[in-house]
Amino acid sequence: MDSWTISFLREWAPRMSLASALRLRNYAIRERLGRLRPHRMLVLHMKRPFHAKIALREVGSDMATFQEIVKQEVYKPISCRLPAFQTLIDLGANIGLATLYLAQNSPGCQVLAVEPNPDTHRVLKHNLQSLSRAGRCRTLRGAVWGAHRLLSLVPEAGQDRFSMFTVSKVRRVPEADLKVEGYTMPELLEYAGFESVDLLKVDIEGAEVELFKNDMRWLERVGCLAIEFHEGTREASQFDEVMTCHGFQILPGGNHTVWAARSCWVERLGRR
């Protein structure tokens, strides 16, 4: 066995089964040789940082998402400090890796994972099977918006970058796979069956501006919010001002994600 393979397995075998680490090694070799297979899935049995059987599309952005969440652990600053929570809504859940990572922190929590892209939503449902079988998780193919309306997916945002589809207002009736229902936050809370949500995770590729439009009273039902901004949307959405106005404190949470919490949660975070 060559030294590269040994080094590779030392890095990845602690995070997954040995057979999965070998499959990941073979993927890395094929990627280097330009031999990735469109429409094929890479299946990995994970042990760390969460326990789950996950599938990744070989071509597209799934592997970049995997590296970001599993290897870099971009949500670790939040999960390390966040006390156990009971409810989680993941807006822009993508293929579910962030959902799994955050849910691992609170084994009894209930989850709603929302994803607009049809192909990505199918992978999401597969990856969250363990949570769904345990009665802890529902998924919804949809998007969050400032008002209930039909939206269009915008594939130009990233032809094979599956996590980079955006949504916009419908200007003409789109093809079936390119339209998606846009829901307000109160509608999503009702769909989830949550009176309140302890952790709201947001990664919606620029739709943050729409999320913080119109009636914002739903923020009274949120404990903590973790959000990734895109190309100036923090300023455009007036996020800092909105958070302050609704009784949140913005907390240090790393370069990847901005997070904010209500004062009662800040006190609990301070005891961590």
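Coordinate-derived values only; no laboratory data. All of these numbers come straight from a predicted model, not from anything done at the bench. Don't worry about glycine lacking a Cβ; one is built from the backbone with ideal geometry, like all the others, and counts go over all protein chains shown.
Listing for the model above:
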| item | result |
| --- | --- |
| Relative contact order (%) - segment 1-72, alpha-carbon pairs under 8 angstrom, separation at least six | 25 percent |
| Karplus-derived HN-Hα couplings along segment 85-90 (A = 6.51, B = -1.76, C = 1.60, θ = phi - 60°), whole Hz, x at Gly and Pro | 10, 9, 9, 9, 10, 10 |
| Cα-projected label distance for ALA28 with GLN129, points at 7 Å along beta-carbon direction, nm | 2.6 nm |
| Length released on extending from ARG217 to ARG149, taking residue separation times 0.36 nm less the Cα-Cα span | 22.5 nm |
| Cα centroid separation - segment 119-157 against segment 45-86, whole Å | 17 Å |
| Note, ³J(HN,Hα) from phi for segment 134-142, Karplus 6.51, -1.76, 1.60, rounded to Hz, x at Gly and Pro | 7, x, 9, 9, 10, 10, 9, 7, x |
| Label-point separation in nm, GLU181 to ARG141, each point 7 Å along Cα→Cβ | 1.2 nm |
| Among LEU150, SER17, VAL114 - extreme Cα towards positive end, dipole of the chain, charges at beta-carbon | SER17 |
| For the chain, calculated [θ]222 nm from helices alone, where every DSSP H run of n ≥ 4 adds -39500 (n - 2.57) | -8500 deg cm²/dmol |
| Selection of trypsin sites (Lys or Arg not before Pro), segment 8-53, meeting DSSP coil and at most 15 other Cβ within 10 Å | ARG35, ARG40, LYS47 |
| Given the chain, longest segment not containing exposed loop GluC sites (Glu not before Pro) (DSSP; at most 14 other Cβ within 10 Å) | 1-174 |
| Theoretical FRET efficiency, 1/(1+(r/R0)^6), r = Cβ-Cβ of TYR191 and CYS245, R0 25 Å, to 0.05 | 0.45 |
| Segment 1-72, dipole about Cα centre (Lys/Arg Cβ +1, Asp/Glu Cβ -1), debye to the nearest 20 | 180 debye |
| Amide H contacts under 5 Å for MET16, placed H, 5+ residues apart | LYS47, ARG48 |
| Candidates GLY96, GLY146, GLY135: whichever shows maximal mean-square fluctuation once the chain is modelled as a Gaussian network with Cα springs under 10 Å | GLY135 |
| Check: the chain dipole with +1 on Lys, Arg Cβ and -1 on Asp, Glu Cβ, in debye | 1160 debye |
